[in-house]
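Presented below is the structure to which this report refers.
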Amino acid sequence: MTLRGLYAVTPDGLDTTLLVEAVGRVLEGRPALLQYRSKTTDPALRREQASQLLALCRSAGVPLLINDDLQLALELGADGAHLGRDDGDLAAARRALGPGRILGASCYGEWARAEAAAAAGVDYVAFGAMYPSSTKPLAPCAPISLIARAKAELGLPVAAIGGITLDNVRPLIEAGADLPAVISDLFSAPDPAARAAAFAGLFE
């Protein structure tokens with residue numbers, strides 16, 4: 001599997017009907033990956049929403065990753081998980097997922113964390129916030145130089161997240177980012193399918 005292209009990440013707080021509708025439109029634009037990210041939903045609703053999104057992604061041929069919840073990813077048979085610093089041991093997650101599913105790790109702006117994630121067997125490392133972000137307004141910005149360093153030294157695909165828009169993504173791609181992860185600029189767009197396709201077109 002080639003991990004390169006738009007990494008669509010769902011916004012928090014949408015009810016299930018609106019979320020499924022929005023994701024369906026984004027999937028029309030052929031993202032490389034979709035991540036279900038929900039920080040505020042109760043566990044039962046998270047499971048219901050993730051299950052519906054998995055069915056959508058299967059139909060579209062787009063892998064679905066679950067953010068911050070390895071157990072839910074395993075229960076649903078999702079295509080992988082994306083884990084942060086408080087979401088458990090990466091090597092254990094790698095063993096649990098097996099070789100056929102995707103494991104990504106948030107490395108923030110920390111090179112040592114990226115090295116440790118690579119050693120644990122992740123499929124990609126993620127840095128951010130690259131730009132000021134409405135989703136995480138207090139997150140410190142990560143230097144773009146980390147992207148190029150990771151490409152040179154780790155040999156893994158690199159995701160970049162935080163404040164990314166169609167207007168500011170090019171410097172990240174030029175630095176070597178394989179997976180620009182986008183929430184607001186994608187799901188708040190007047191036409192999410194067209195916006196997703198525009199991002200995807202940057203990798204053709």
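The values are calculated or read from the model by the stated rules, or taken from the named source; none is laboratory data. All figures in this text were calculated on a predicted structure; none of them were measured in a lab. Cβ sites come from the backbone with ideal geometry, for glycine too, and all protein chains shown count toward neighbours. With ligands, DNA and RNA removed, areas are computed over all heavy atoms of the protein, side chains included. Shrake-Rupley method; radii C 1.70, N 1.55, O 1.52, S 1.80 Å.
Remarks
- Residues satisfying the stated conditions in the stretch 71-91, i.e. open to solvent by 40 Å² or more (accessible area, probe 1.4 Å) and assigned to a helix (DSSP H, G or I): Gln71, Leu74, Glu75, Leu76
- Residue in the stretch 41-48 that is in contact with a Ser or Thr (Cβ under 7 Å, 6 or more places away or on another chain), open to solvent by 40 Å² or more (accessible area, probe 1.4 Å), at pLDDT 95 or above and acidic (Asp, Glu) present: yes
- Count of residues meeting criterion [basic (Lys, Arg) and either exposed (fewer than 15 other Cβ atoms within 10 Å of the Cβ) or assigned to a loop (DSSP other than H, G, I, E, B) (or both)] in the stretch 150-174: 1
- Test for Ala117: is it part of a helix (DSSP H, G or I), crowded, with 21+ Cβ neighbours inside 10 Å and of a type in the set (A, V, I, L, M): yes
- Within the stretch 122-143, tally of residues that are open to solvent by 30 Å² or more (accessible area, probe 1.4 Å) and at pLDDT 95 or above: 1
For (1) within 17 Å of the chain's Cα centre (by Cα); (2) closer than 30 Å to Gly176 by Cβ; (3) not aromatic (Phe, Trp, Tyr), each residue gets a yes or a no:
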site	(1), (2), (3)
Leu6	yes, yes, yes
Pro11	yes, yes, yes
Glu21	no, no, yes
Arg47	no, no, yes
Ala50	yes, no, yes
Val62	yes, yes, yes
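- All positions within the stretch 116-132 that are touching a strand residue (DSSP E or B) at 6+ places or on another chain (Cβ under 8 Å) and farther than 24 Å from Gly100 by Cβ: Phe127, Gly128, Ala129, Met130
- Listed by first and then second residue, the pairs linking a residue in the stretch 120-149 that is in a loop (DSSP other than H, G, I, E, B) to a residue that is among the charged types (D, E, K, R), with Cβ atoms under 8 Å apart and 6 or more places separating them unless they lie on different chains, are Gly121/Arg94; Val122/Arg94; Ala129/Lys136; Thr135/Asp12.
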